[in-house]
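Reading through the structure tokens given below for one structure.
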Amino acid sequence: MWWTELLRCPVCGAGIEKKENSLLCVGARRHCFDFAAQGYVNVAGAKAAGGGDDATLIAARTAFLSAGHYSPFAARICALLDAYAGGRCVLDAGCGEGYYTNTVARAGYRVIGVDLSKRGVRAGAKAAQREGLDTLFAVAGIYTLPVLDGVLDAVVSLFAPIAEAEFLRVLKPGGILITAGAGRAHLFDLKRVLYDTPRENEARADLPTTMHALHTETLDFTMQLQKGALADLFAMTPYYYRTSREGAARLEALNALDVGAQMDIHVYQKQG
């Protein structure tokens with residue numbers, strides 16, 4: 001397995017080898033992490049992996065993304081990897097249910113997807129198993145990645161926090177980070193329905209400060225969403241928990257809505 005050469009034990013930092021259905025570290029204590037039947041491995045421990053996205057959110061996001069509504073965004077991420085990555089080993093940090101992990105794998109990359117949500121990682125691993133994709137899914141935190149120093153060609157961080165120091169640690173010299181998040185007008189058409197006084201999104205404050213900026217762009221596209229897709233989109237956003245009953249009722253009354261998507265995308269490079 002190609003990924004055994006990239007992994008490290010989250011307990012002692014030693015290298016990792018695969019033995020039957022387990023990962024076994026090569027350190028003196030031989031720490032062991034078993035694969036689940038769905039094909040993922042939990043290296044975070046039961047307590048650390050106990051939270052994350054709930055089943056309703058995972059189901060909604062899986063349905064919405066699998067329907068292709070964000071496919072222009074996913075295709076753009078793959079195109080930027082083709083343009084800037086110097087190799088084929090990629091980490092999807094904060095992979096959720098694995099839609100982007102598996103999309104990047106279909107584009108010919110070897111991908112490790114990590115997230116603290118066991119439900120999300122399980123869903124991504126099951127989808128990868130069905131297609132025979134070249135991925136590894138692990139329950140792990142993005143601030144303590146189970147990855148050796150300086151071994152990855154690229155990290156993608158899509159709608160997830162940016163762990164700059166940890167990403168720098170695992171990237172090769174010259175490796176790239178692609179990060180993306182909501183632009184100011186992202187889903188504003190949805191907000192107009194939900195809120196009496198909708199506000200644009202604020203610019204994110206966690207962009208890298210010590211990496212070399214290679215490229216910045218804003219991707220805009222419009223989604224023509226029917227009632228079911230609108231419900232899935234609503235359920236996968238933070239607005240689901242912040243909207244009044246009146247606002248939710250207004251959305252429920254709609255049979256269709258054109259919703260604009262706007263993603264801010266940045267490409268950074270590790271120097272040295």
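The values are calculated or read from the model by the stated rules, or taken from the named source; none is laboratory data. Not measured: the values here are computed from a predicted model. Backbone-built Cβ (ideal geometry, glycine too); neighbour counts: all protein chains shown. With ligands, DNA and RNA removed, areas are computed over all heavy atoms of the protein, side chains included. Shrake-Rupley method; radii C 1.70, N 1.55, O 1.52, S 1.80 Å.
Let me make sure I get this right: for the range 125-272, a, b and c are the square roots of the gyration tensor eigenvalues over alpha carbons, sorted descending. Under 1.5 in a/c it's rounded, otherwise prolate if a/b > b/c, else oblate. Which is it?
Prolate shape, in that a/c is at least 1.5 and a/b is the bigger ratio.
How are the alpha carbon pair distances in the chain distributed across 5 Å bins from zero to the largest one, expressed in percent?
Answer for the chain: a P(r) of 1, 6, 12, 16, 18, 16, 13, 8, 5, 3, 1, 0, 0 percent.
What does the C-alpha gyration tensor say about the overall shape of the range 1-126? Classify as rounded when a/c is under 1.5, otherwise prolate if a/b is larger than b/c, or oblate.
Because a/c hits 1.5 or more and a/b fails to exceed b/c, the range 1-126 counts as oblate.
Taking H placed 1.01 Å from N in the peptide plane, check which residues at least 5 places from L225 or on another chain put their amide H under 5 Å from its amide H.
Hits under the 5 Å cutoff: L257, D258, V259.
For the range 81-171, what mean projected area does the convex hull of the alpha carbons give, in nm²?
Convex hull of Cα atoms, orientation-averaged projection: 5.2 nm².
Charges only on Cβ, +1 for Lys and Arg, -1 for Asp and Glu: so what's the dipole of the range 184-239 about the Cα centre, in debye to the nearest 20?
The calculated dipole for the range 184-239 is roughly 140 debye.
Say we join alpha carbon atoms closer than 10 Å with springs in a Gaussian network model of the chain; which of T135, T209, T101 then has the biggest fluctuation?
Result: T209 has the largest fluctuation of those listed.
Q224 versus S71, label points 7 Å from Cα toward the beta carbon: distance in nm?
Computed distance between label sites Q224 and S71 equals 1.4 nm.
Under a Cβ-Cβ cut-off of 12 Å, what is the net charge of the residues other than D196 that fall near it, where Lys and Arg count +1 and Asp and Glu count -1?
+3
Just want the answer: with Cβ charges of +1 for Lys and Arg and -1 for Asp and Glu, which residue in L254, T56, Y84 is farthest toward the dipole's positive end in the chain?
With unit charges placed on the Cβ atoms, the residue in question is T56.
Using the 2.2 N^0.38 Å rule of thumb for compact globular proteins, work out how the range 119-212 stacks up: its C-alpha Rg over that value, please.
Cα Rg divided by the expected 2.2 N^0.38 Å: 1.38.
Run the numbers for E202 and Y240: contour at 0.36 nm per residue of separation, minus the present Cα-Cα distance, in nm.
Between E202 and Y240, full extension yields 11.8 nm more.
Set the Förster distance to 30 Å, then compute FRET efficiency between A36 and A165 from the Cβ-Cβ distance, nearest 0.05.
Computed FRET efficiency for A36 and A165: 0.50.
Under a 1.4 Å probe, what is the accessible area of the chain per residue, stated in Å²?
Ligands and nucleic acids excluded, the result is 46 Å² per residue.
Order K172, K191, most accessible first, counting only protein heavy atoms with a 1.4 angstrom probe.
My answer, sorted largest first, is K172, K191.
Could you state the number of Å between the C-alpha centres of the range 153-183 and the range 98-114?
Value for the Cα centre distance between the two parts: 15 Å.
Convert each backbone phi in the range 131-138 into a coupling constant with the Karplus relation 6.51 cos²θ - 1.76 cosθ + 1.60 (shift: θ = phi - 60°), then list the ³J(HN,Hα) values in order as whole Hz, x for Gly and Pro.
9, x, 7, 8, 10, 10, 10, 9
So if I place +1 on the C-beta of Lys and Arg and -1 on the C-beta of Asp and Glu, and nothing else carries charge, what would the dipole magnitude of the chain be about its Cα centre? I want it in debye, nearest 20.
The calculation lands at about 580 debye.
Starting at the first residue of the range 75-87, write each ³J(HN,Hα) from the Karplus equation 6.51 cos²θ - 1.76 cosθ + 1.60 with θ = phi - 60°, in whole Hz, x for Gly and Pro.
My calculation for the range 75-87 gives 5, 5, 4, 4, 5, 5, 4, 4, 7, 10, 6, x, x Hz in order.
Stretch T209-D82 to full length: gain in nm at 0.36 nm per residue minus the Cα-Cα span?
Stretched fully, the T209-D82 segment lengthens by 43.3 nm.
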